[in-house]
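These notes concern the structure reproduced below.
The values are calculated or read from the model by the stated rules, or taken from the named source; none is laboratory data. What you see is a predicted model, and the numbers here were worked out from it, not measured in a lab. Cβ atoms come from the backbone with ideal geometry, glycine included; neighbour counts cover every protein chain shown.
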Amino acid sequence: MNYDAALDMALQRLHDEGRYRVFIDVERRKGQYPQAVWTRPDGTEQEITIWCGNDYLGMGQHPAVLAAMHEALDATGAGSGGTRNISGTTVYHNQLEAELADLHGQDAALVFSSAYIANDATLSTLRKLFPGLIIYSDELNHASMIEGIKRFDGAKRIFRHNDVAHLRELLAADDPAAPKLIAFESIYSMDGDFAPIAEICDLAREFNALTYLDEVHAVGMYGPRGGGVAEREGLVDRIDIFNGTLGKAFGVFGGYIAASAKMCDAIRSYAPGFIFTTSLPPAVAAGAATAIALLKTDEGQKLRDTQQLYARILKMRLRGLGLPIDDRGSHIVPVHVGNPVHCKMLSDMLLEEFGIYVQPINFPTVPRGTERLRFTPSPVHDPKQIERLVQAMDALWSRCALNRAHAVA
Ligand SMILES: Cc1ncc(COP(=O)(O)O)c(C=O)c1O
């Protein structure tokens, strides 16, 4: 085989479809987020405002988080030096897991290298614990759940997105005695819509199924202590396994599950993705634990309130311009473009002409024909930055002669 030619062809396919990914070189400056510096390919620099980050509450630069990380770094050094089993469990990891268990009202939690790994490792391991298990998965679940479920070598059923009637049909069609697990997300990050958690939990109870809820885009931001949408809706005790990230609203890095002590003990003991890898650096664990604790307080609630306020304002302003906003009531603000080339072009113009950075979201992250710009207002954006964004979108929409007055909701 001509390997070079095969690689050229694979890359050319992406260029032809307008979905070749270009990474933007962004340097955040501590304390100034969402302002950052973009280094162009020719080496010149431009100040930009980040509008697509998942440091949803600005915790990645919170002084208390940084202080905790500095302290742990100075106390213990850079890395943990081992897997959790072989010298890589420290007081920082234990504190972080206790903080997470408390956040979700569970007995225990397990920290992984990322939420991607936590999903993949946990879901793919469940068959070892529950022989004959059938997994029911929402069709729009994140790639990490899909990968875990693919690698889980048991029966799988895909239900239509948020469609509880379809889920019921699938559950009812299977052997009532078979062990079952329903895997879904509380907020789907590309549309910003919520799952019908209570109804799914009702079905789980009726069919004696376990529930697995990915709250990656909700932890820190929903619920009176940042425990996520299940906390906000009083459903914490109806979820068997929570999945979350430490890399978005908590502003640091890593992922986790929270569940009963026995469930965590079993996953800890059987999941290769937990066992055979170096544990998080202690400084990372310390920073994440501090962010979680802080977001449980009134200060956290103020950040949540401001984030929601800015998201509402941005949606209202863009809708006022007649742009196709999809408003599902969450903090995520998707503007539908529906064409990968236009989407990339708008993103490029925003960056180059206005210093506004929003990455185009194309296939396979979203289905073809639903390409979009996805804005993520945070409490550290300010009204002037919102105004600049609105004016830039207005100007570009006119210049590119794109349709208006097509607001989705
Ligand atoms: C729904 C969902 N689950 C899991 C993940 C993985 O999170 P992490 O970045 O911690 O790997 C993501 C990442 O964007 C996600 O959107």
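Side notes on the structure shown:
- Selection of the range 233-259 for residues being surrounded by fewer than 24 Cβ atoms within 10 Å (Cβ to Cβ) and more than 9 Å from the ligand (Cβ to nearest atom) yields GLU233, GLY234, LEU235, VAL236, ASP237, ARG238, ASP240.
- Test: residue in the range 374-391 that is closer than 25 Å to GLY60 by Cα and at pLDDT below 90: no
- Filter result for the condition that a residue is within 12 Å of the ligand (Cβ to nearest atom) and under 16 Å from the mean Cα position of the chain (by Cα), over ALA218, ALA230: ALA218
- When the residues of the range 160-194 are filtered to those that are small (Gly, Ala, Ser) and either surrounded by fewer than 18 Cβ atoms within 10 Å (Cβ to Cβ) or not in a loop (DSSP other than H, G, I, E, B) (or both), the one that is nearest to the chain's Cα centre (by Cα) is ALA183.
- The helices (runs of 4 or more DSSP H) found entirely in the range 90-155 that carry 3 or more residues being near the ligand (Cβ under 10 Å from one of its atoms) and assigned by the TED database to the domain that holds ARG232 are 115-129, 143-151.
- The residue pairs whose first member lies in the range 267-281 and is not assigned by the TED database to the domain that holds THR125, whose second member is loosely packed, with under 15 Cβ neighbours inside 10 Å, and whose beta carbons are closer than 6 Å, counting only pairs six or more residues apart or on different chains, do not exist in this structure.
- When the range 204-213 is filtered for residues that are surrounded by 22 or more Cβ atoms within 10 Å (Cβ to Cβ) and either part of a helix (DSSP H, G or I) or small (Gly, Ala, Ser) (or both), the ones remaining, listed by number, are ALA204, ALA209.
- Filter result (closer than 19 Å to ALA165 by Cβ and among the aliphatic types (A, V, I, L, M)) within the range 181-232: ILE182, ALA183, ALA195, ILE197, ALA198, ILE200, LEU203, ALA204, ALA209
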